[in-house]
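Below you'll find the structure, written out as structure tokens, and then a few comments.
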């Protein structure tokens with residue numbers, strides 16, 4: 001499921017090795033002071049490459065608010081935020097073995113079973129990159 005919530009509804013989108021990942025947040029009240037500087041610190045905290053145990057991908061994870069604000073204030077309409085994938089490496093997954101056999105301890109089998117198809121490059125939606133959307137939505141939710 002890509003959408004969750006009732007009053008504060010969050011819809012995530014994008015794949016690990018696609019052009020971008022992002023989120024649509026519905027239920028943000030109008031008149032809330034909000035710009036990228038309110039969201040970026042949380043995304044910087046979750047950014048990859050900050051320890052030896054994370055992915056070696058070099059991603060800036062810079063968020064842009066695409067819709068739902070004007071002059072630094074929310075409009076009460078759906079808030080759209082986007083983060084480009086700058087270091088996607090689909091060629092790292094170019095062997096046909098991954099197309100035929102799910103990786104152990106990964107969500108490949110789950111996606112293949114649920115949708116009848118899976119992203120051939122990396123985990124697609126079942127990637128740590130998907131957490132960008134949740135972190136960005138959380139940064140909005142914690143605004144006073």
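At-a-glance table
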item	result
Scope the range 74-92; condition more than 17 Å from the chain's Cα centre (by Cα) and modelled with pLDDT of 95 or more; matching residues	74, 75, 76, 77
Selection within the range 4-21 - touching a helix residue (DSSP H, G or I) at 6+ places or on another chain (Cβ under 6 Å) and not in a loop (DSSP other than H, G, I, E, B)	10, 12, 21
Test: residue in the range 50-61 that is modelled with pLDDT under 95, closer than 16 Å to residue 139 by Cβ and buried (at least 18 other Cβ atoms within 10 Å of the Cβ)	yes
Residue within the range 38-48 that is in a loop (DSSP other than H, G, I, E, B), under 30 Å from residue 110 (Cα atoms) and at pLDDT below 95 present	yes
Positions within the range 13-36 being within 14 Å of residue 82 (Cα to Cα) and either surrounded by fewer than 14 Cβ atoms within 10 Å (Cβ to Cβ) or modelled with pLDDT of 95 or more (or both), in sequence order	19, 22, 23, 24, 25, 35, 36
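The values are calculated or read from the model by the stated rules, or taken from the named source; none is laboratory data. Computed from a predicted model, the values in this text were never measured in an experiment. Please note: Cβ atoms are built from the backbone with ideal geometry, for glycine as well, and neighbour counts cover all protein chains shown.
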